[in-house]
Amino acid sequence: MAKAKVPKRPTRDEFVLEEIGNQLVEAQQEQSEVVLTVWGREETTRGQIVKMDPRTGKVHVESNGETDKVPFMDIMSVNYPRD
């Protein structure tokens, strides 16, 4: 029996990754709220970037006092809430 195929994370080029990185840094510096589209998650992740950990490659997003550690490589896009 064949194994169920786990969808692979789409690959993105250096330019796209750099752009996402720049948007995250800017949002962190401005303490803006962001909405992250994260690969493999149904829901978007919304909150304020409190830390970017180069050692673990995770972006710490805080919302309502809780911190969500999102792997940088899983972030597909960075947007700003429209409301």
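The values are calculated or read from the model by the stated rules, or taken from the named source; none is laboratory data. This structure is a prediction, so every number in the text was calculated from the model and none was measured. Every residue, glycine as well, gets a Cβ built from its backbone with ideal geometry; the counts of neighbours run over all protein chains shown. We work out accessible area using only protein heavy atoms, side chains counted, and drop any ligands, DNA or RNA first. Shrake-Rupley method; radii C 1.70, N 1.55, O 1.52, S 1.80 Å.
In table form, for the structure just shown:
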{"item": "Output for the stretch 66-83, where each listed residue is assigned to a loop (DSSP other than H, G, I, E, B) and open to solvent by 70 Å² or more (accessible area, probe 1.4 Å)", "result": "Tyr80, Arg82, Asp83"}
{"item": "Search result, residues across the stretch 5-39 that are part of a helix (DSSP H, G or I) and loosely packed, with under 15 Cβ neighbours inside 10 Å", "result": "Glu14, Phe15, Val16, Leu17, Glu18, Glu19, Asn22, Val25, Glu26, Gln29, Glu30"}
